[in-house]
Amino acid sequence: MSADCPQDPVLRVVPGPSDINSNGHIFGGWVLSQMDIAAGIVAARTAQGPTATVAIDSMAFIAPIHLGDVISVYANLERRGRTSMGIKIEVIATRDRGNSQVKVTEGLFTFVALDENHRPRPLPPAE
Ligand SMILES: CCCCCCCCCCCCCCCC(=O)SCCNC(=O)CCNC(=O)[C@H](O)C(C)(C)COP(=O)(O)OP(=O)(O)OC[C@H]1O[C@@H](n2cnc3c(N)ncnc32)[C@H](O)[C@@H]1OP(=O)(O)O
């Protein structure tokens, strides 16, 4: 799941002009949101139902995202608990007309499977 690994991203998105901060780079909150969505998709598939983000265990902003970058968000289940899941996320920016790739952020988020009362629900057995 790194720049030289051919795994498919969960999301591929392009930030717009409204996502630029006062440094001329893309807001950290924008990329954090994309990471939460991608990890949420992996968590919902694993839990076979609703989930919520309960913690951002780690988050690193490694390099700035530029306007015009194509952002690929990779997310993988790293840990299964009783009701919780640790999802590792890496974000790669493709720039220079596809000629260069830069790892811009990485993080580890914890999601919890929820029941109909929005309380923790045991995960289904692993496939
Ligand atoms: C079917 C396929 C469809 C695919 C297509 C679906 C598409 C779908 C896309 C969605 C993409 C958007 C995804 C956005 C996701 C949000 O944005 S969710 C919004 C933000 N989050 C929230 O509002 C959650 C608010 N928090 C809560 O409601 C409660 O804390 C929770 C989550 C119900 C947990 O309640 P609690 O009383 O803390 O639970 P507790 O029993 O103490 O702990 C439960 C588990 O969580 C762990 N835990 C609790 N706190 C922590 C912590 N701080 N750190 C680490 N672990 C913790 C515990 O260790 C325990 O783990 P296990 O040992 O059971 O494995």
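Checking the structure you have, find out if any residue of segment 106-115 is touching an Asp or Glu at 6+ places or on another chain (Cβ under 7 Å), more than 15 Å from Leu11 (Cβ to Cβ), touching a residue at least 40 places away in the same chain (Cβ under 8 Å) and among the β-branched types (Val, Ile, Thr).
Checking segment 106-115: at least one residue is touching an Asp or Glu at 6+ places or on another chain (Cβ under 7 Å), more than 15 Å from Leu11 (Cβ to Cβ), touching a residue at least 40 places away in the same chain (Cβ under 8 Å) and among the β-branched types (Val, Ile, Thr).
Among the candidates Ala39, Ala52, single out the residue that is in contact (Cβ under 8 Å) with a residue 60 or more places away in the chain, within 16 Å of the ligand (Cβ to nearest atom), outside any helix (DSSP H, G or I) and in contact with a Gly (Cβ under 9 Å, 6 or more places away or on another chain).
From the options Ala39, Ala52, the qualifying one is Ala52.
So which of Asp57, Asp4 is surrounded by fewer than 18 Cβ atoms within 10 Å (Cβ to Cβ) and modelled with pLDDT under 95?
Only one candidate qualifies: Asp4.
Conditions (1) among the polar types (S, T, N, Q); (2) surrounded by fewer than 19 Cβ atoms within 10 Å (Cβ to Cβ); (3) modelled with pLDDT of 95 or more; (4) more than 23 Å from Asp8 (Cα to Cα), marked per residue:
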site: Phe27; (1), (2), (3), (4): no, yes, yes, yes
site: Phe61; (1), (2), (3), (4): no, yes, yes, no
site: Gly81; (1), (2), (3), (4): no, yes, yes, yes
site: Ile92; (1), (2), (3), (4): no, no, yes, no
site: Ala126; (1), (2), (3), (4): no, yes, no, no
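Those residues that are in contact (Cβ under 8 Å) with a residue 40 or more places away in the chain, in contact with a strand residue (DSSP E or B) (Cβ under 7 Å, 6 or more places away or on another chain) and not β-branched (Val, Ile, Thr), I need them from segment 74-105; list them, please.
The answer is Tyr74, Ala75, Asn76, Met85, Lys88, Glu90, Gln101, Lys103.
Take the conditions in contact (Cβ under 8 Å) with a residue 40 or more places away in the chain and within 11 Å of the ligand (Cβ to nearest atom) and apply them to Val13. Does it pass?
Taking the combined requirement at face value, the residue does not satisfy it.
Answer yes or no as to whether Gly29 is without any contact (Cβ under 8 Å) to a residue 12 or more places away in the chain and either closer than 30 Å to Arg121 by Cα or of a type outside the set (Val, Ile, Thr) (or both).
It is true that Gly29 is without any contact (Cβ under 8 Å) to a residue 12 or more places away in the chain and either closer than 30 Å to Arg121 by Cα or of a type outside the set (Val, Ile, Thr) (or both).
The values are calculated or read from the model by the stated rules, or taken from the named source; none is laboratory data. Note that the structure is a prediction, hence the values are computed from the model and not measured. Methodologically, a virtual Cβ is constructed for each residue, glycine included, from the backbone with ideal geometry; neighbour enumeration extends over all protein chains shown.
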